[in-house]
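The values are calculated or read from the model by the stated rules, or taken from the named source; none is laboratory data. Just so it is clear, the model here is predicted, and its values are computed rather than measured. Here the Cβ positions follow ideal geometry from the backbone for every residue, glycine too, while neighbour counts run over all protein chains shown. Ligands, DNA and RNA are stripped out before the accessible areas are found, and what is left, the full protein with its side chains, is counted by its heavy atoms. Shrake-Rupley method; radii C 1.70, N 1.55, O 1.52, S 1.80 Å.
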Amino acid sequence: MKKHHSSVVQRQRDGRRRSQRLVRRVLPFVASLFLATPLAGPLLKSSAHAPAKVAAAPKAVAANPLARFDATLRETYARLGAEQQGLRFEVFQKAMTGYLNLRQTGKLNEHQQHLTVVDFDLPSTEKRLWVLDLASDKILFHTLVAHGHNSGENGASQFSNTDQSNMSSLGFYVTGQEYEGKHGHSLRLQGLDEGFNTNAAARSIVMHGADYVSEDFIKQNGRLGRSLGCPALPLDQYAQIIDQVKGGSCLFLSKSNAGYTSKYLNQDIALAALAARPATNS
């Protein structure tokens, strides 16, 4: 009996020794896991926040379509070199917004990518007409243009859509066909802004050349001569300009703080037109 008791005690001692040896072997591995645990903390925290960042990304990208629209116009403005040629961005932005609206609503010839801009904030002694080729990002012409006799002297400040007012009419136009009239080679214009220029055809408001639109006339008179409301052009350029812009291109006559409004300054429609445009190489 005593011998049996001794063997049991011996087995218990041997078991404790094996357990101690096992603990000594396993302890370093457990310790390494414990030491690695703090490194896992930030990763788990980052993972927990990842869905919020992923959800916010589309908002940041799509959140501001108007910002993307502005950025796209500024890129085009820069490629044209418009600032260097005196075309202010705010005028260009309005002109482009209207141009895109007109394209989107099918009012322009799809093969005509010229945009003509007139800034009546500038005096007649300055070149205030630009013909932009939006297909090639080039300014084809930057030249003088006359305003209506009753719109003002050197500067244009009064505008009308009324027949025989002899004033210029603000807003968006679509160019028509060329013809030979009392001013020689001329270009018909269709006004699109109700209440501002829709009587242009009835008033015979057209694009034509005139000898009173020249640097020589400015030197002699301190300003350009004035028309009966037509955007008259220099004699040495009008034929080339008409040839470029005829047949369904956009013309925009601008003046700030003149009470002008237009349904064609709709940025949502302009955005849709931009989205529909084929990709081009910058």
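Within the group 243, 268, which residue is open to solvent by 60 Å² or more (accessible area, probe 1.4 Å), closer than 20 Å to residue 132 by Cβ and not polar (S, T, N, Q)?
Of 243, 268, the one residue that is open to solvent by 60 Å² or more (accessible area, probe 1.4 Å), closer than 20 Å to residue 132 by Cβ and not polar (S, T, N, Q) is 243.
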By residue number, the members of segment 246-259 that are open to solvent by 40 Å² or more (accessible area, probe 1.4 Å), on the phi > 0 side of the Ramachandran plot and among the small types (Gly, Ala, Ser) are 259
For segment 213-223, enumerate the residues that are open to solvent by less than 50 Å² (accessible area, probe 1.4 Å) and either without any contact (Cβ under 8 Å) to a residue 12 or more places away in the chain or in contact with a strand residue (DSSP E or B) (Cβ under 9 Å, 6 or more places away or on another chain) (or both). 213, 214
Take the residues in segment 79-100 that are crowded, with 22+ Cβ neighbours inside 10 Å and of a type in the set (Phe, Trp, Tyr); name whichever of them is nearest to residue 112 (Cα to Cα). 99
In the set 168, 124, 151, which member is farther than 26 Å from residue 80 by Cβ, among the hydroxyl-bearing types (Ser, Thr, Tyr) and surrounded by 24 or more Cβ atoms within 10 Å (Cβ to Cβ)? 151
Considering only residues of segment 162-205 that are of a type in the set (Phe, Trp, Tyr) and in a strand (DSSP E or B), which is farthest from residue 93 (Cα to Cα)? 179
Only one of these conditions is not met by residue 202: (1) among the hydrophobic types (A, V, I, L, M, F, W, C); (2) under 14 Å from residue 156 (Cβ atoms); (3) surrounded by fewer than 16 Cβ atoms within 10 Å (Cβ to Cβ). Which number is it? (2)
Could you tell me whether segment 224-240 includes any residue that is in a loop (DSSP other than H, G, I, E, B), modelled with pLDDT under 95 and either in contact with a strand residue (DSSP E or B) (Cβ under 7 Å, 6 or more places away or on another chain) or within 18 Å of residue 112 (Cβ to Cβ) (or both)? no
Consider residue 130 against the criteria (1) under 14 Å from residue 254 (Cα atoms); (2) surrounded by fewer than 19 Cβ atoms within 10 Å (Cβ to Cβ); (3) of a type outside the set (D, E, K, R): it satisfies all of them except one. Which criterion is unmet? (2)
